[in-house]
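Worksheet: the structure to be examined is printed underneath.
The values are calculated or read from the model by the stated rules, or taken from the named source; none is laboratory data. Quantities reported herein were computed from a predicted structural model and do not represent experimental measurements. Cβ: placed from backbone, ideal geometry, glycine included. Neighbour counts: every protein chain shown. Accessible surface is based on the protein model in full, side chains and every heavy atom, while ligands, DNA and RNA are left aside. Shrake-Rupley method; radii C 1.70, N 1.55, O 1.52, S 1.80 Å.
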Amino acid sequence: MEKAITEPVSRDLPNSARLWLARQQSTVRPFLIGVVIAGLVNALAFICLAGLLATVIQRTLIDGQALSAQSGPAIGLIVAVAVRAISQAAQERFGQLASARVRQRVRSELLDEWAVQGPVQLAGRASATLANHWVEQVEALDGYFARYLPQQWLALLVPLTILAVVFWLDWLAALFLLIAAPLIPLFMALIGMSAERLSQQHVHEAGRLAGHFLDRVRSLTSLQLFGQVEQASAGVTHAAERYRAVTMRTLRVAFLSSAVLEFFASVAIAVVAMYIGFGLLGYIDFGPSPQLTLFSGLFVLLLAPEFFQPLRNLAQHYHDRAAALGAADALVGLSPAVDSEQTYRRVVSMSPRTDHVTVDRVKVGYSGRSAVLEDVSFSISRGDVVALVGPSGSGKSTLLSCLAGFIQPQAGHITLFGQAPGAEPVAWLGQRPFLIKGSWADNLRLIAPDADIAAMLTAVEAVGLKDVVAAQPHGLATPLGEGGRGLSGGQAQRLALARVWLIDAELVLLDEPTASLDPNSEAEVIEALLALARSGRTILIATHHPAIVAIANRTLRLHAGRLVDE
């Protein structure tokens with residue numbers, strides 16, 4: 001059954017997406033088996049329920065027994081209803097557990113993959129697209145694991161069980177059901193070909209629309225200054241209309257598949273009902289029809305809709321498969337990079353700790369460009385304050401990213417006090433401090449969530465912000481705008497620098513901490529850096545500023561990706 005349904009569709013999809021879903025499936029197989037077992041128990045309970053109901057009607061109408069004399073079948077009916085309710089609840093519970101485990105695992109893999117890629121590689125991807133992966137595409141896996149996968153087995157096992165019972169009652173009625181059954185998977189496969197393509201397109205359009213809209217919102221000030229708001233609005237409208245069209249085409253195919261299934265199932269049930277009716281009236285004397293009784297005829301008639309119900313459920317959840325394959329096409333390929341990086345970090349982390357930061361013959365390059373760093377080697381002792389200087393484009397920021405673990409070198413290796421980059425916390429401050437919309441305390445606790453008020457006051461005092469905080473109406477609880485709105489450039493940079501005092505990081509990496517600041521703000525940040533240099537931490541500062549170079553006790557000079565002077 002599974003082969004007949006899925007094989008015609010898989011030609012247009014990468015094998016990696018199906019293999020990725022199969023790998024996720026293997027982790028929750030016990031829960032899926034539980035769903036199938038609960039579904040079979042539910043089907044057997046319904047068969048007993050239909051048989052007991054037909055028995056009660058036969059005895060009442062034909063044999064003339066009173067309902068009060070049929071306590072045995074009545075108790076059986078109550079038990080069958082209770083078993084069916086319990087099995088349905090268990091089926092739903094096991095399915096939700098399987099889906100939740102898979103989604104939790106996939107989100108964990110996404111986090112690991114983003115950690116491996118680092119902010120440098122992720123900077124080229126729209127944050128809205130990443131959010132779309134995290135929320136919508138992971139949620140698209142829900143129906144596939146909770147309902148569709150176990151329903152594949154139930155669509156095979158339950159009809160076969162009911163067919164065996166109907167064959168025992170009347171082989172001709174079973175033949176009618178057997179002839180009609182293959183038509184449903186056949187039309188599901190035909191309709192599913194276009195449904196999966198549309199689902200993949202729907203996933204991609206959702207990501208594009210999210211990124212397109214977020215980019216326009218972020219650039220709203222620039223659009224207003226250059227008088228391009230109308231054109232940008234028209235672009236967003238066009239993208240939204242394209243997404244609406246894809247969504248409606250997907251829904252159209254989904255409703256079409258349901259209509260086709262309902263049509264064939266209704267026709268098959270009608271044929272069985274006509275056969276039973278004419279057989280009971282004596283108009284048909286072919287095969288087993290003369291032996292039809294009210295019990296056997298009613299029993300078969302009650303089982304006929306249930307025979308097609310698993311196939312209907314499979315068709316109802318078929319779009320879950322299409323959505324999951326579309327999401328898997330975007331999420332596939334997470335584990336190899338993650339496993340490789342984690343293995344590398346485990347091996348290096350087993351090395352003994354040292355008192356040096358070592359860079360040994362490191363080479364780094366980007367796709368389509370020559371090497372940014374070439375054969376760079378140096379060592380920094382614990383407690384050193386080192387200035388990394390050189391013209392723009394010489395590779396200073398790339399080297400800092402390698403030390404932070406954001407970029408993996410193509411050749412050579414780096415150890416931070418004997419550990420791999422990224423294995424232990426490193427303090428990082430770029431040219432633009434990352435501040436959120438929240439209070440001063442919220443921004444300080446962003447990387448030190450357990451910091452208390454006393455520690456935060458000590459940190460802001462260390463960077464020279466004590467008087468600024470004291471002048472705030474609510475102290476550390478005073479709110480700041482998005483991106484630190486309400487602070488000057490120097491204050492924002494020093495607030496970000498204050499976080500270094502709140503975390504236990506042996507190495508501090510600073511990338512042009514005074515870039516784009518006015519002279520007064522520069523002086524404030526340099527004072528804060530002097531305090532940081534006296535704290536005994538190991539500091540590496542990429543800079544052009546002579547005053548910052550004067551703070552350092554060593555200077556490394558890069559030129560065209562090579563270390564040319566120390």
Along Cα→Cβ, 7 Å out, is where each label goes; now give me the distance between the ones at H356 and Q96 in nm to one decimal.
5.8 nm
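May I ask you to compute the full-extension gain from V135 to S219, defined as 0.36 nm times their residue separation minus their alpha-carbon distance, rounded to one decimal in nm? Display every interim value, and only then the final one.
On the way: separation 84, 0.36 × 84 = 30.24 nm, distance 2.42 nm.
Gain in length upon complete extension: 27.8 nm.
Over the chain, what is the mean sequence separation of C-alpha contacts under 8 Å (at least six apart), divided by residue count, expressed as relative contact order in percent?
On the way: 802 pairs, mean separation 88.0, N = 566.
Answer for the chain is 16 percent.
Which of rounded, prolate or oblate describes the stretch 24-64 when judged by the alpha-carbon gyration tensor and an a/c cut-off of 1.5?
prolate
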In percent, how large is the relative contact order of the stretch 461-521, given Cα pairs closer than 8 Å and 6 or more residues apart?
38 percent
Cα centroid separation, the stretch 132-148 to the stretch 360-396 (Å):
42 Å
Phi-derived 3J(HN,Hα) across the stretch 373-383 with the Karplus relation (6.51, -1.76, 1.60, θ = phi - 60°), rounded Hz, x for Gly and Pro, is 10, 9, 6, 9, 9, 6, 9, 10, 7, 4, x
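Would you mind getting me the FRET efficiency between L67 and I37? Use the beta-carbon distance for r and R0 = 22 Å, nearest 0.05. It would help to have the intermediate numbers written out before the result.
Numbers: r = 35 Å, r/R0 = 1.57.
Efficiency for this residue pair is about 0.05.
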Which value, in debye to the nearest 20, describes the size of the charge dipole of the chain about its Cα centre when Lys and Arg Cβ atoms bear +1, Asp and Glu Cβ atoms bear -1, and nothing else is charged?
460 debye
Projected label distance in nm at I78 and R29, using a 7 Å step from Cα toward the beta-carbon
4.2 nm
Pick out, from V116, P159, S381, the residue whose Cα sits farthest towards the positive end of the charge dipole of the chain, with +1 on the Cβ of Lys and Arg and -1 on the Cβ of Asp and Glu.
P159
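Considering only DSSP beta bridges whose two residues both sit in the chain, what percent are antiparallel, to the nearest 5? It would help to have the intermediate numbers written out before the result.
Numbers: 18 of 34 bridges.
Percent antiparallel among DSSP bridges in the chain is about 55.
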Just checking my list [x] 0.96; [y] 1.12; [z] 1.16 against Rg/Rh (Cα atoms, Kirkwood Rh) computed from this structure; which label fits?
[z]
Describe numerically, in nm with one decimal, the distance between label points set 7 Å from Cα along Cα→Cβ at D450 and at E482.
3.3 nm
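Before I look further, what does the chain give for accessible area per residue, probe 1.4 Å, in whole square angstrom?
Working: 27460 Å² over 566 residues.
With all protein chains present, the chain gives 49 Å² per residue.
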The size of the Cβ-based charge dipole (Lys, Arg +1; Asp, Glu -1) of the stretch 445-508 about the Cα centre, to the nearest 20 debye, is 240 debye
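When ranked by the protection proxy of mean other Cβ atoms within 10 Å per residue, highest first, what sequence do the peptides 269-277, 244-252 form?
Details: 269-277: 17.7, 244-252: 14.7.
Order by mean packing, descending: 269-277, 244-252.
Which value in deg cm²/dmol, rounded to the nearest 500, describes the helix-derived mean residue ellipticity at 222 nm for the chain, given -39,500 (n - 2.57) per DSSP H run of n ≥ 4 and division by the residue count? Display every interim value, and only then the final one.
Values: 20 runs with 346 residues, N = 566.
That calculation yields -20500 deg cm²/dmol at 222 nm.
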Pull up the DSSP beta bridges for the stretch 423-541 and report the antiparallel fraction as a percent, rounded to 5.
20 percent
Among all helices in the chain defined by DSSP H, which have a length of 24 Å or more along the axis from Cα atoms plus a Kyte-Doolittle mean of at least -0.5?
29-61, 71-122, 149-169, 183-218, 229-281, 294-316
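Would you calculate the convex hull of the Cα atoms in the stretch 468-566 and tell me its volume per residue in Å³? Mind dumping the intermediate values first?
Working: hull volume 13.1 nm³, N = 99.
Taking the convex hull of the Cα positions in the stretch 468-566, it is 132 Å³ per residue.
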Below 19 Å, Cα to Cα, which aspartates and glutamates can K466 reach? Residues fewer than 8 away in the same chain don't count.
D442, D452, E522, E524, E527
May I ask you to rank W134, W153 by accessible area, largest first, using a 1.4 Å probe over the protein chains only?
W153, W134
How many angstrom lie between the Cα centre of the stretch 95-120 and the Cα centre of the stretch 491-528?
34 Å
Potential extension, R534-I503 segment - 0.36 nm per residue separation minus Cα distance
9.5 nm
Give the separation of the Cα centroids, the stretch 464-482 to the stretch 9-74, in Å.
64 Å
For an R0 of 35 angstrom, estimate the FRET efficiency from the Cβ-Cβ distance between T237 and L122 and round to the nearest 0.05.
0.75
